[in-house]
1. Determine whether Gln121 is surrounded by fewer than 21 Cβ atoms within 10 Å (Cβ to Cβ), of a type in the set (S, T, N, Q) and in contact (Cβ under 8 Å) with a residue 40 or more places away in the chain.
2. For the condition basic (Lys, Arg), at pLDDT 95 or above, in contact with a helix residue (DSSP H, G or I) (Cβ under 7 Å, 6 or more places away or on another chain) and within 21 Å of Thr300 (Cα to Cα), what is the one hit in Lys86, Lys77?
3. Residue by residue through segment 44-98, note down the ones that are within 22 Å of Gly270 (Cα to Cα) and among the hydroxyl-bearing types (Ser, Thr, Tyr).
4. Collect the residues in segment 264-294 that are without any contact (Cβ under 8 Å) to a residue 40 or more places away in the chain and aliphatic (A, V, I, L, M), keeping them in residue-number order.
5. Looking at segment 222-256 only, could you name the residues that are more than 13 Å from the chain's Cα centre (by Cα) and of a type in the set (Ser, Thr, Tyr)?
6. I need every pair where a residue in segment 76-88 that is β-branched (Val, Ile, Thr) has its Cβ under 6 Å from the Cβ of a residue that is at pLDDT 95 or above and part of a helix (DSSP H, G or I), sequence separation at least 6 or different chains.
7. Which ranges mark the helices (runs of 4 or more DSSP H) fully within segment 184-300 that have 1 or more residues being farther than 21 Å from Tyr89 by Cα?
8. Looking for whichever is out of contact with any Cys (no Cβ under 9 Å at 6 or more places or on another chain) and within 30 Å of Cys204 (Cα to Cα) here; the options are Ala70, Ala66, Ala87. Which one fits?
Amino acid sequence: MRAFIFPGQGSQAVGMGKALADASVVAREVFQEVDEALGQHLFRLMTEGPESDLTLTENAQPAIMANAIATLRVLEKEGGIRLADKADYVAGHSLGEYTALCAAEALDLATTARLLKRRGQAMQAAVPVGEGAMAALLGADVDKARALAQIAAEGEVCTVANDNDPSQVVISGHRGAIERAIALVKDHGIKRGVLLPVSAPFHCELMQPAADAMAEALAGADLRAPLVPVYANVTASAVADPDAIRRLLVEQVTGTVRWRESVAAMFAAGVHDYVEFGGKVVGPMVRRIAPDATAASIVTMDDIEALVKDL
């Protein structure tokens, strides 16, 4: 069995999508459709920068999605591959869950772009700049991370945001609590704590205003049953019912991204082959979670042509 998987924030880079657009009219059409849906020159920002603008959450989220969907569409339209024939499940890391739903035709491309733009704006606005922070805990499993977060909180918010793989967990919350946690890592048998260059504390209860905004946005969005089930971040289980998907996307804003558990659950269900589109982030995580799995990261035209032969 096979899953198509999609990266989250942090996989953006100036120049993304340019080579693909140069080589494929299909890719250019995706980027143009996203630009029109958002009423901005997002693709120009993706290819030319500046990096400071591309890194803004409201730009990074739709940009990462557009790049991944362009890669998938080239595979589908030029390679003659249908997702429904070659994938048993889809999954994505944080914003990548929206990409996964777009890939599985639960959301159309324009709607996905607008939802991610709104999500980025709402997440940025939820907490004043400087009040929140996130840190990656290297050499930490989720139990060590939870114990550290609980002690560092001291009445503030400090919680596990992303359970990425057996050796990396991300915590999120008030800046003071996150800084206390970093100072205490060695006491908890954790190798290192690294403050992340993010503009807001994602996936914690401080994001509740953003969750409320997304509940409103998703209520008005046309969301259909996906071609194949999606593994939801907040439950680490497969879901295909549109109302359930809508609810889980709202919960995801404040909830933990249970990526390690999602991959482990897929592997236990018989999914041993994983294909990441538009990045080289979640594929390597898969190999750390399930060493017996195969995971390919598809970014270039050469990658796509090789995948067509393998599929």
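The values are calculated or read from the model by the stated rules, or taken from the named source; none is laboratory data. Because the structure is predicted, anything quoted here is derived from the model rather than measured. Using ideal geometry, Cβ is built from the backbone for each residue, glycine included, and neighbour counts are taken over all protein chains shown. Surface areas here come from the heavy atoms of the whole protein model, side chains and all, with no ligands, DNA or RNA. Shrake-Rupley method; radii C 1.70, N 1.55, O 1.52, S 1.80 Å.
1. Details: surrounded by fewer than 21 Cβ atoms within 10 Å (Cβ to Cβ): yes; of a type in the set (S, T, N, Q): yes; in contact (Cβ under 8 Å) with a residue 40 or more places away in the chain: yes.
Spelling it out, Gln121 is indeed surrounded by fewer than 21 Cβ atoms within 10 Å (Cβ to Cβ), of a type in the set (S, T, N, Q) and in contact (Cβ under 8 Å) with a residue 40 or more places away in the chain.
2. Details: Lys86 fails: in contact with a helix residue (DSSP H, G or I) (Cβ under 7 Å, 6 or more places away or on another chain).
None of the other options fit; the residue is Lys77.
3. The one that is within 22 Å of Gly270 (Cα to Cα) and among the hydroxyl-bearing types (Ser, Thr, Tyr): Tyr89.
4. Result: Ala264, Ala265, Ala268, Ala290, Ala293.
5. Thr235, Ser237, Thr254
6. Ile81/Leu75
7. Numbers: elements: 208-219, 242-254, 259-268, 282-289.
Ranges flagged: 208-219, 242-254.
8. Details: Ala70 fails: within 30 Å of Cys204 (Cα to Cα); Ala87 fails: within 30 Å of Cys204 (Cα to Cα).
Criteria check complete, one pass: Ala66.
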